[in-house]
1. How many times 2.2 N^0.38 Å is the alpha carbon radius of gyration of region 50-197?
2. Order the peptides 115-127, 193-205 from the highest to the lowest mean number of other Cβ atoms within 10 Å of their residues.
3. Got a sec? How would R132, R104 order by Cβ neighbour count within 10 Å, fewest to most?
4. Can you tell me the convex hull volume per residue for region 139-286, based on C-alpha atoms, in Å³ to the nearest whole number?
5. For V101 and M197, calculate 0.36 nm times their separation in residues minus their Cα-Cα distance, and state this gained length in nm to one decimal.
6. Binning every alpha carbon pair distance of region 222-268 at 10 Å from zero, what are the percents per bin?
7. Among 280-288, 210-218, 161-169, how do they line up from the highest to the lowest mean number of other beta-carbon atoms within 10 Å?
8. Just grab the label-to-label distance for K255 and A239, each label 7 Å out from Cα along the Cβ direction, in nm (one decimal).
Amino acid sequence: MKKELLPKISRRSFLKTSAGITAASGLTVLPMAKKAHGATSGGLATLIDLSLCDGCVDWEMPACVSSCKTINKDVIPEPVNPIPQPWPRKTIEDWSKKKDVFNRLTPYNYLYVQKADVETEDGKRTVFIPRRCMHCDNPACATICPFSANHKMKNGAVVIDYDLCFGGAKCRTVCPWAIPQRQSGVGVYLQVLPDFMGNGVMYKCDLCHERLAEGKLPGCVEACPRKALLIGPHREIFALAEERAKQMNGYIYGKTENGGTSTLYVSPVSFDLINKALIKKPGEPDMKPDVQRRMVKTDGPGRIVLASPILGAAAGLIGAFKWFSRGKGGTKGGEKDND
Ligand code: SF4
Ligand code: SF4
Ligand code: SF4
């Protein structure tokens, strides 16, 4: 049965975002405008086709990255000055003077385009890889969070509630790609015990869930001139990824990695070769195939930690702060709808 169309995205414009094979499959965008969450049974997924992405090499900044930066430019408030020195001797991470950086992930840059010069049997081949949160199906980053500040929404987005996050970076530790990025000197920890607990807020791609709720495409998907990014119903995106991989005799990344994700890459070059060719640095994740989900045996410690008196009291304070700040139009955050 055909799905309804988004009010602001016609079937034609959506199909324009994909190759002919998509038209053949009848893939459409779900009626996300109906409801911000819960509009889908299996949620949404994204397809990133590396055979189409050219890295926007002639552009000053890749169009997808530029769009993401514009949409999210006001998310982070100005950090306090000076930023409290966290105890015991944790590192302050301050990107507020480097907001323009776009060649790696930062708290001000949720998406960047990696370049890999891959040695293949047919010679050297350059591959461009847009990287951001994979929106994993069972995200350890959400499970570990002591303050339940991170949630998988029913529409597939994994969203950090910036009002609740203490910046402890446990989410980054358990993420195989170390995606969330910290900005110190902002967030609720400043209202609690800034010298003893917390170190800022963790930021990452939220799948533009607020735009989805308004019936719009994520900024990066909308901006890509080569239609290398697609979003649609999970099942249909997965089927499309399989078809494209078959057509190009290629490979898929994200289907099984970290226990399964809502982001599939298709590539004519193997991800093993891509991973070997990548330069790995902080903020520049690897692409190791078959990476296992961490914490399989330890899920739940975050919630146990909440039982401790100090953190429990802090959580109460956060709740009060959140209620107070929301009354004044608090900062952007995610919805808890995954219960
Ligand atoms: S995904 Fe699209 S916008 Fe982004 S770098 Fe590739 S071609 Fe450019
Ligand atoms: S990619 Fe990392 S940050 Fe994103 S949902 Fe998965 S584990 Fe969490
Ligand atoms: S979905 Fe939105 S927040 Fe995520 S990378 Fe794309 S533009 Fe940025």
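1. 1.19
2. Highest mean packing first, the order is 193-205, 115-127.
3. R104, R132
4. Convex hull volume per residue, Cα atoms: 135 Å³.
5. 31.7 nm
6. Taking every Cα pair in region 222-268, the percentages come to 26, 55, 19, 0.
7. By packing density, highest mean first, the sequence is 161-169, 210-218, 280-288.
8. Spacing of the two 7 Å Cα→Cβ label points: 1.5 nm.
Any read-out appearing in this document is the output of simple, stated calculations on the displayed coordinates, not a laboratory observation. These numbers come from a predicted model, not from an experiment. Because the Cβ atoms are built from the backbone with ideal geometry, glycine has one as well, and the counts that use them run over all protein chains shown.
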